[in-house]
Each structure stands twice: as C-alpha cells, then as structure tokens.
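Below is one structure, written out as structure tokens; the observations come after it.
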Amino acid sequence: MRLQGKVAIVTGAAQGIGRAIALAYAREGASVVVADMNADGARGVADEIAALGGPAGAAPFQIDVRDKDRAEAMVAAAVADFGGLDILVNNAGLLEIRPFFDTDEALWDKMFDVNCKGLLWCSQAAARRMVEQGRGGKIINLASQAGRRGEALVLAYCASKACVINMTQSMALALAPHKINVNAISPGVVDTAAWVKLDQQFADLLGMEPGEPKRTFTASIPLGRIEQPEDLTGMAIFLASAESDYITQQTYNVDGGNWPS
Ligand SMILES: NC(=O)c1ccc[n+]([C@@H]2O[C@H](COP(=O)([O-])OP(=O)(O)OC[C@H]3O[C@@H](n4cnc5c(N)ncnc54)[C@H](O)[C@@H]3O)[C@@H](O)[C@H]2O)c1
C-alpha cells in the first residue's frame, strides 16, 4: 500500500474521475474526504470506500469549491476526522463548450470561478495546513488536453484549463520551500457523465447524431479506445506517493497519446 496512513481530500469525488481516484487512494491505504457539491453522491462514494473494508476511513463533505469558507471548513473536517492532511486532489471542474461568438460573461465567470478560483481556495486552505504540519504534502490538479491548445468551440474551458496548468507552476514554486509538491494530470477524452453532456453539445453544434462526436474523437486516439476514469488512477497515486517526491511543477498527459507534449 503506497498511501498507508495518509489523509487525502478529493474534490468533485461524487462521480467520474474524482470517484475513481478516491477509491484508488482508499485501496492504497489513505483515508479520504470525498468532497463534492452533490452531497448524496459524496455519501455514496464514502459508503463504497467503507465497503472496501480497508484500514482507512472515508467521510463525505458537501462543498461548492467557489466558497472560500467551505474550503477552509473542508480542511478542518479532514483534520477533525483523520488527524491531518497530506494530499489534495483538485478535481472538481465544469466542462462546457460554447462557440466563440456565444461565449458570454456568465459562462466565462462560471468556468473560471469553478475551475480556477475554486482550485485556488482549496489549495490555499490545504497548503496552509500542510505548512503548519511541517511534513510536506502533495497537491494534484486536474487539467486537460484542452489546456494544451485552443479549440474553436471550447474557448472558455480551454482557457480555464491552460490557467490550471499555469497555476500548477506558480503554486509549485511558492510551496517548494515547504516540500509540498504541486503537479497536474491532463486527461484526454474520458468516458464520464460530463462527456454525455459534451457529446450532445458537440452534436447540436456540428449537426451530428448523438454519440457521433464521441466516436469521432475516440477514433483519433492513438491507443485506440476512449479513456476510462480508472486510467487516471495510476498517475494520481504516483503523484500522491513518496515515489514522486522529487517532481514538482509538472503536468502529465494521461490521454492515450492524444496530445504529444
Ligand atoms: N471527462 C473528460 O473527458 C475530462 C477530460 C479532461 C479533463 N477533465 C477534468 O477532470 C475533472 C473531472 O471530470 P469528470 O469527467 O469526472 O467530470 P464530472 O462532471 O463527471 O464530475 C465532476 C464532479 O465535480 C462536481 N462539481 C462540479 N462543480 C463543483 C463545484 N463548484 N464544487 C464542488 N464540486 C463540483 C460535480 O458535482 C461532479 O461530481 C474535471 O476537472 C474535468 O475538467 C475531464
């Protein structure tokens, strides 16, 4: 078990990628705060972890990551429930496409509030505790292949994920003196509920049949299949473990070879 005795918070963990990472961390021995806006979903995943019967605990926590006070309360809950905090995964994110001319202030603000500002509040709260503890820590951000380059129909989301990659670098430099590693994972096309919605949005905009956008995007993935949330857990465990102690500031593509750098 590579995370035995560690305490992790995973945001957006009620479903999809966050749920897979929360379960994987628990299997590696970490106690997990399953944080999400969706309280019932978070409780369900915490129950799934408890049912694994491992050494570690799990606790659901209801949060909108845009709320700075709730971010502080989330860290306090981790400390109260499990005695400290070692790992934060900033996974909560909003995925939505909108053509350039239709990108309005409401979408822009929502996208940056959740994907970037929320990430900052959660990271500040977690890092403050990690600095206080004096035993280092790990912060892992979910970026995206969309943050590596622009897309005509995806301007705001692409920009917010480019921001996540850049924030990862600044945070890593700010926290390096405290032995807190900050890295990011950049997934490709992951088969989650988010992609059901995206598929519909692409289909409407491109005049395709539902399911066709997902098939088209999947067809160009070099490894030849759509990504599953579990494909991301190996990197998420590695970046949370001692094996990555000398790595910081990096964003790793885990995308089936979809994007080269
Ligand atoms: N699915 C993909 O293809 C893909 C690709 C690249 C990157 N990502 C990134 O991975 C992360 C997870 O994606 P997913 O596909 O599992 O998404 P998802 O939509 O299936 O799940 C997101 C979870 O985050 C929660 N959430 C949303 N806004 C929140 C908020 N303000 N506060 C707290 N919780 C909130 C939701 O309730 C949900 O449980 C996101 O950051 C996303 O941008 C996903």
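Note on the stretch 112-149: residues that are of a type in the set (A, V, I, L, M, F, W, C) and touching an Asp or Glu at 6+ places or on another chain (Cβ under 8 Å) total 3. Residue check: GLN201 meets all listed conditions (1) polar (S, T, N, Q); (2) within 12 Å of the ligand (Cβ to nearest atom); (3) in a helix (DSSP H, G or I) but one, namely (2). Looking only at residues of the stretch 173-191 that are surrounded by fewer than 20 Cβ atoms within 10 Å (Cβ to Cβ) and not acidic (Asp, Glu), we find that the one that is farthest from the ligand (Cβ to nearest atom) is PRO177.
Checking each residue in the stretch 131-144 for being buried (at least 21 other Cβ atoms within 10 Å of the Cβ) and not basic (Lys, Arg) picks out GLY137, ILE139, ILE140, ASN141, LEU142, ALA143, SER144. Among the conditions (1) touching a Pro at 6+ places or on another chain (Cβ under 8 Å); (2) away from the ligand (no atom under 12 Å from the Cβ); (3) within 17 Å of VAL7 (Cα to Cα), the only one that ALA50 does not satisfy is (1). Any residue that is in the same structural domain as TYR25 (by TED's automatic domain parsing), farther than 27 Å from ALA125 by Cβ and of a type in the set (Lys, Arg) - is there at least one of those in the stretch 184-198? No: zero hits. Residues of the stretch 68-123 that are away from the ligand (no atom under 15 Å from the Cβ), open to solvent by less than 20 Å² (accessible area, probe 1.4 Å) and of a type outside the set (Asp, Glu): ALA78, GLY84, LEU85, ILE87. Within the stretch 10-41, can you find the residues that are within 8 Å of the ligand (Cβ to nearest atom) and either surrounded by fewer than 18 Cβ atoms within 10 Å (Cβ to Cβ) or farther than 21 Å from MET235 by Cα (or both)? Residues satisfying the conditions are ASP36, MET37, ASN38, GLY41. Being in the same structural domain as ASN183 (by TED's automatic domain parsing), at pLDDT below 95 and either within 21 Å of GLY136 (Cβ to Cβ) or of a type in the set (Ser, Thr, Tyr) (or both) is a property that ALA56 has.
The set of residues in the stretch 42-58 being open to solvent by 10 Å² or more (accessible area, probe 1.4 Å) and not charged (D, E, K, R) consists of GLY44, ALA50, ALA51, LEU52, GLY53, GLY54, PRO55, ALA56, GLY57, ALA58.
The values are calculated or read from the model by the stated rules, or taken from the named source; none is laboratory data. Quick caveat, the model's predicted, so the values are computed rather than measured. When we count neighbours, we look across all protein chains shown, and the Cβ atoms used for this are built from the backbone with ideal geometry, even at glycine. These area figures cover heavy atoms from the full protein model, side chains too; ligands, DNA and RNA do not enter into them. Shrake-Rupley method; radii C 1.70, N 1.55, O 1.52, S 1.80 Å.
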